[in-house]
1. Might you check whether a residue that is closer than 19 Å to VAL165 by Cβ, among the acidic types (Asp, Glu) and at pLDDT below 95 occurs anywhere in the range 95-111?
2. State the number of residues belonging to the range 135-171 that are within 18 Å of LEU69 (Cα to Cα) and not hydrophobic (A, V, I, L, M, F, W, C).
3. Quickly run through the range 52-75 and pick out the residues that are in a helix (DSSP H, G or I), hydrophobic (A, V, I, L, M, F, W, C) and surrounded by fewer than 15 Cβ atoms within 10 Å (Cβ to Cβ).
4. Of all residues in the range 296-308, how many are surrounded by fewer than 18 Cβ atoms within 10 Å (Cβ to Cβ) and farther than 16 Å from PHE251 by Cα?
5. Which residue is most open to solvent (accessible area, probe 1.4 Å), if the candidates are limited to the range 158-178 and must be farther than 21 Å from GLY248 by Cβ and assigned to a loop (DSSP other than H, G, I, E, B)?
6. Do we have any residue at all in the range 135-156 that's assigned to a loop (DSSP other than H, G, I, E, B), under 21 Å from ALA51 (Cβ atoms) and either touching a residue at least 40 places away in the same chain (Cβ under 8 Å) or open to solvent by 20 Å² or more (accessible area, probe 1.4 Å) (or both)?
7. Here is a check on your reading of the model: is GLY327 more than 19 Å from GLY210 (Cβ to Cβ), modelled with pLDDT of 90 or more and crowded, with 21+ Cβ neighbours inside 10 Å?
8. Of these, TYR286, TYR318, TYR311, which one is open to solvent by 50 Å² or more (accessible area, probe 1.4 Å), free of Cβ contacts under 8 Å to residues at least 60 places away in the same chain and among the aromatic types (Phe, Trp, Tyr)?
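The values are calculated or read from the model by the stated rules, or taken from the named source; none is laboratory data. The shown structure was predicted, so the numbers you read here are calculated from the model rather than taken from an experiment. A quick note on method: Cβ atoms are made from the backbone with ideal geometry, for glycine too, and the neighbour counts reach across all protein chains shown. Heavy atoms of the whole protein, side chains included, go into the accessibility calculation; ligands, DNA and RNA do not. Shrake-Rupley method; radii C 1.70, N 1.55, O 1.52, S 1.80 Å.
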Amino acid sequence: MNKISKLFAFITAVFLVMSLTGCFFNLTEPAQTPEQTPEQTPVDWIDIADATQLSALFSGTDLLKNGRLVADITLASGSYTISSGKTRILDLNGHTISRSSATTSAFYVEGAFTIKDSSANKSGLFVDSDGSYPIKVKASGTLTVEGGTIQSRKVTSPIWSYGNVIIKEGTTIKSVGSHAIDMDDGSLKIDGGVINCTGNNCEAVELSGGASATITGGTISATEGEGAAAVDKGTAFYITSGTASITGGTFIGKTGIYLASTNVNANNKITKISGVTVEASEKCIYNFGPINEISGGTFTATGYDANVTVYALYNATYGSISNISGGNFTAILNVSGTAYGLFNNNDAAGCIHTTGGRFLAQGSGILKNKSSAAALTSGVNASATFNPAVTAY
């Protein structure tokens with residue numbers, strides 16, 4: 001083979017290799033980016049200065065819309081729906097939305113609705129009229145509150161939910177004479193914020209209908225008044241029918257945490273309590289159902305009135321606690337009465353098991369067992385002897 005033939009063969013081989021490796025030719029189709037339809041394309045923030053512009057935020061076929069208040073708005077009545085599959089974000093931006101009269105919820109959440117407040121002092125407010133629930137979350141809906149205040153004026157829950165609710169730091173939820181958050185089903189997640197109800201026998205947060213809750217932070221309180229004038233009136237966290245995991249947060253009320261009996265719902269349960277602060281004027285924990293574990297926290301019951309009985313931990317009929325491995329339980333009398341670090345009213349053998357914790361009470365009422373020592377057990381033996389030893393004032 002002559003030199004010209006060899007050179008031609010070499011060039012042909014190189015050309016063939018480079019063609020096959022895509023150096024000269026792209027043998028594969030380039031990745032295609034799906035075109036977004038107008039309904040899928042996120043829009044810029046809409047400035048909202050009146051009821052008409054607020055209505056525009058919730059209307060239309062757009063899957064995503066963002067709105068920002070630029071003025072206070074008063075609504076005569078009416079309601080808005082976030083349909084399933086749609087997302088709406090409302091920034092209160094330090095302004096107020098109020099309704100003067102209505103008998104229906106202002107917002108029905110079937111899709112995803114986020115309320116936030118970008119103002120520096122989180123002064124944004126949504127306050128509703130008497131006799132209506134400001135926000136109702138349907139089973140398909142998710143409500144996220146990242147800032148601002150949601151408040152009912154009288155005897156209604158600001159948030160009533162069958163769906164999913166997420167409360168974050170910078171948020172305040174307030175009610176007068178009713179639940180601040182009423183979960184009739186679905187899931188509740190509280191990472192921070194302030195949740196408060198005022199009035200006799202109110203519950204700041206209630207779980208019913210098999211709802212679940214995960215609480216990692218925030219302050220949940222049932223009080224009348226503020227500061228030194230505050231009087232504990234109701235229950236901070238009340239589980240009528242549901243399950244909860246509580247690993248943070250502060251609970252303040254006449255009763256801090258109340259778990260109803262499994263006779264109400266066989267699935268009632270608190271899986272874990274740790275890292276909490278509970279301050280009560282009567283009972284820090286009032287337990288009729290199963291608690292899997294209490295591994296830490298500070299529980300302080302303080303009796304403010306004369307001739308009262310206060311309990312850091314009250315284990316009622318049907319109540320059981322699989323393990324108490326930590327926590328400081330303290331009962332104090334400011335006037336007169338009886339104080340118990342732990343009061344057990346269930347005589348079932350082994351209904352309370354402890355491997356740790358510290359129980360303190362003013363006077364002689366450190367521990368009170370209903371009938372038999374066998375109802376209290378320790379990790380060492382099935383007796384009323386606790387490990388470590390109980391300490392008294």
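1. Checked the range 95-111: no residue is closer than 19 Å to VAL165 by Cβ, among the acidic types (Asp, Glu) and at pLDDT below 95.
2. Looking only at that region, the number is 8.
3. Correct list: ALA56 only.
4. Result for the range 296-308: 4.
5. TYR162
6. Yes, some residue in the range 135-156 is assigned to a loop (DSSP other than H, G, I, E, B), under 21 Å from ALA51 (Cβ atoms) and either touching a residue at least 40 places away in the same chain (Cβ under 8 Å) or open to solvent by 20 Å² or more (accessible area, probe 1.4 Å) (or both).
7. yes
8. One residue alone meets the criteria, TYR318.
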